[in-house]
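What follows is calculated from the coordinates using simple rules that are stated; it is not laboratory data. Treat the numbers as computed from the prediction; the structure is a model and nothing was measured. Neighbour counts are summed over all protein chains in view; Cβ atoms, including those assigned to glycine, are modelled from backbone coordinates with ideal geometry.
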Amino acid sequence: MRQAAAPTAQAASPRGTAAIRALRGFGAAALAAVGSAPALAHALAPRYDLPLPLWHYLGGAAASVALSFVVVALARRPLRPMAVTLETSAGAALARGWAGLLRALGVAALVLLLAAGLFGPIGDWDANLLPVTVWVLWWVGMAFACALAGGLWRVLDPWQAIACGVGALGGRRVRQPLRRAFAGGCGPAVVLFLAFAWTELVWGSNAHPRALAALVLAWSALAWAGMALMGPAAWRRRCDPFDRFFGLLGRLAPLSLHRRAAGWAVTMRWPGAALLQGRLPSRSETAFIIVMLATVGFDGVKETPAWEAFTAQVLALLYAAGVVHAIGYAAAGSLVKTAGLLLAPLAWAAVYLAFCALSAPLAGEPAGRVARRFALSLVPIALAYHLAHYLSYLLIQGQAALPPLSDPFGLGWDLFGTRGREIDIAIIEMRTVWAVAVASIVVGHVIAVVVAHIEAQRAYGARALRSQVPLLVLMITYTAFSLWILSQPIVEAG
């Protein structure tokens with residue numbers, strides 16, 4: 001993570017003893033905050049000097065989103081999502097075989113990673129196969145894979161595979177009450193997703209192999225207990241945050257493989273077309289989308305100089321109040337991050353609901369229903385930010401999986417000839433990172449505008465255009481804000 005420059009202080013007066021103490025606490029807290037940053041920080045050391053001032057890019061991206069709205073608004077006929085489905089029965093057995101193989105690979109990977117985490121080497125974060133696989137290859141790479149081929153995680157999910165393989169877990173008498181208790185939505189998935197985001201963004205031991213292995217074991221116990229009480233399908237729909245997260249990204253995929261009565265079908269469609277299929281999201285499903293968007297946004301915000309300065313100031317206040325002395329600098333820094341992580345979804349929800357309230361009288365329905373109607377149009381924005389923020393992280397830090405893959409237990413093996421492989425940071429340049437960030441943010445917001453406009457046409461008819469104006473302002477604002485966040489650890493100020 002890029003370190004902030006050390007602050008300079010003016011000479012204090014004789015009466016400024018308290019101020020001097022607070023200032024010392026400020027410096028110590030700032031150093032502690034920087035020093036305790038996770039080893040898996042996403043920002044990279046090199047910086048890129050933009051050929052044009054940053055505001056040119058922000059303005060151009062915002063103008064592109066606005067222009068896309070003008071284009072879809074001028075369309076003479078209502079836009080309709082396009083999809084082509086190819087069905088086959090001859091390859092059903094082959095498709096089932098591939099699905100079974102993928103499930104077996106998922107289970108084998110879970111066993112290997114747990115064994116590596118529990119018994120493998122302990123050292124730098126990239127010395128063990130478990131941390132780099134969980135935080136880089138799985139959390140980042142799987143999101144991109146699902147955005148290309150929808151439904152992939154549901155096939156690979158080892159917890160579901162083991163549960164389904166074992167068979168029905170638990171009795172009907174226990175399952176039915178729990179199914180009714182959770183019939184209102186996916187509230188548990190929202191809570192569990194937020195807890196997972198805390199382990200990624202705040203928890204100081206998230207790169208320690210033994211601690212991470214214990215967390216995976218705890219999640220396994222919780223997941224299988226939930227499946228035993230509710231049934232695997234009900235657990236997946238109501239409580240599993242990963243199935244919901246990867247499933248939402250999979251609805252953006254241009255390709256999707258699904259099972260039919262007579263065999264298997266492959267659907268080719270416009271990216272995001274599946275977001276327009278199905279019922280209106282529930283309140284909890286809307287909350288989940290807002291949380292997934294806000295948490296990845298917070299991951300970018302906490303790498304900006306503005307956040308570093310804010311954290312240092314808050315820690316200085318906590319130091320003066322004696323909180324830092326009581327709990328320690330590391331715990332105080334985690335406390336600030338935790339508060340930021342919890343406030344981020346609330347702030348995003350407040351902004352989103354405010355713009356939906358502006359759209360409500362134009363649309364002719366309550367603000368809450370407007371928020372639910374257009375919640376799925378936020379999913380392309382979440383994927384765009386995920387791609388812009390994590391692409392370089394995947395390409396560079398993902399290479400760290402190669403050495404421990406050849407020697408997962410630190411026994412001197414070299415199974416694939418990659419034991420001594422070093423990370424090549426030149427695999428992608430900062431100018432490419434910035435270009436991808438700009439392109440993905442713009443394309444993601446354009447898809448969001450199109451999806452929202454098609455939904456508005458279907459729901460509001462002649463009122464569709466005017467109902468979208470407040471939400472368009474939100475999209476344009478968030479486009480510029482997202483690029484500003486992403487620019488902080490990449491480009492030089494100019």
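Descriptive notes on the structure:
- By average C-beta atoms within 10 angstrom, highest first, the peptides 240-250, 327-337, 296-306: 240-250, 296-306, 327-337
- Estimated at 0.36 nm per residue, the fully extended path between VAL301 and LEU415 surpasses their Cα-Cα distance by 37.0 nm.
- All-pairs alpha carbon distance profile, the stretch 442-494, 5 Å steps from 0, percent: 4, 18, 22, 17, 14, 9, 6, 5, 3, 0
- Treating r as the C-beta distance of ALA109 and THR477 and R0 as 51 Å, the FRET efficiency rounds to 0.80.
- On the beta carbon distance between LEU101 and VAL323, with R0 = 45 Å, the FRET formula returns roughly 0.25.
- Each peptide in 190-196, 231-237, 427-433 receives the mean, over its residues, of other Cβ atoms within 10 Å, and ordering these scores from highest gives 231-237, 190-196, 427-433.
- Cα-based shape type of the stretch 240-350, given that a ≥ b ≥ c are square roots of the gyration tensor eigenvalues and the cut on a/c is 1.5: prolate
- Two-site FRET efficiency, GLU429 against ALA75, from Cβ-Cβ distance with R₀ of 56 Å, rounded to 0.05: 0.90
- Both radii were evaluated on the Cα set of the stretch 317-446; the Rg over Rh quotient, with Rh as the Kirkwood radius, amounts to 1.16.
- The Rg/Rh ratio for the stretch 295-335 is 1.05, where Rg is the radius of gyration of the alpha carbons and Rh is the Kirkwood radius.
- Peptides 439-452, 134-147 ranked from most to least packed give 439-452, 134-147, packing being the mean of other C-beta atoms within 10 angstrom over each peptide's residues.
- A cut-off under 11 angstrom between Cβ atoms defines the neighbours of ASP243, and their net charge, with Lys, Arg +1 and Asp, Glu -1, is +3.
- Subtracting the Cα-Cα distance of VAL166 and LEU217 from 0.36 nm times their residue separation leaves 16.6 nm of extension gain.
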